[in-house]
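Notes follow the structure.
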Amino acid sequence: MFRAFKKSFVCIILLSFLVFFIGCSSESNIEILKEASSPNGYYTAFAFVYSGGATTDFSPRVSILDSKADKKEIKKLLLQGSNVYSAHHSKDIDVKWEDDENLTVTYSNDDEDIDLKVDIIHGIKVKYEKKAK
């Protein structure tokens, strides 16, 4: 009887871990706020928020990806892709193409909460504007 209980208990624990890890996939923690294609259609800028889960605050980010990227793989690519902006403690982020070579990122984060600001990527100049509070 103890053997059957032990086997059932181990199966329940393993299934619980499996459900936990599937539910906590990094891709499921991405909320895309805005998707903006460059005027020439070569690139797409994504303003999105990443949440690490219950114990981690929101992280606004901006990535620029090739417009030909597989739509089914976008969230995965956002985590691996060409991040130009990353910060903490906010869900307020926006992007706007000025022309084919200039992108404006508008954010509300305090300077100490910003982890990454890239000024040029793929020949695209990125300008940053902080929203007034």
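No lab work stands behind these numbers, since they all come straight from the coordinates. Note that the coordinates shown come from a computational prediction; the quantities given were computed from them, not determined experimentally. FYI the Cβ positions are ideal-geometry reconstructions off the backbone, even for glycines, and counts take in every protein chain you see.
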(message) Take the conditions of a type outside the set (S, T, N, Q) and surrounded by 14 or more Cβ atoms within 10 Å (Cβ to Cβ) and apply them to Lys131. Does it pass?
(response) no
(request) Scan the range 27-47 for residues that are over 16 Å from Lys91 (Cβ atoms), free of Cβ contacts under 8 Å to residues at least 40 places away in the same chain and crowded, with 17+ Cβ neighbours inside 10 Å and jot them down. (result) Thr44
(request) Can you confirm whether the range 34-41 contains a residue that is out of contact with any strand residue (DSSP E or B) (no Cβ under 9 Å at 6 or more places or on another chain) and more than 12 Å from Ile124 (Cβ to Cβ)? (result) yes
(message) Residues that are surrounded by 15 or more Cβ atoms within 10 Å (Cβ to Cβ) and either basic (Lys, Arg) or in contact with a helix residue (DSSP H, G or I) (Cβ under 7 Å, 6 or more places away or on another chain) (or both): list the strands (runs of 3 or more DSSP E) wholly contained in the range 73-120 that include at least 1 such residues.
(response) 83-87, 93-99, 114-117
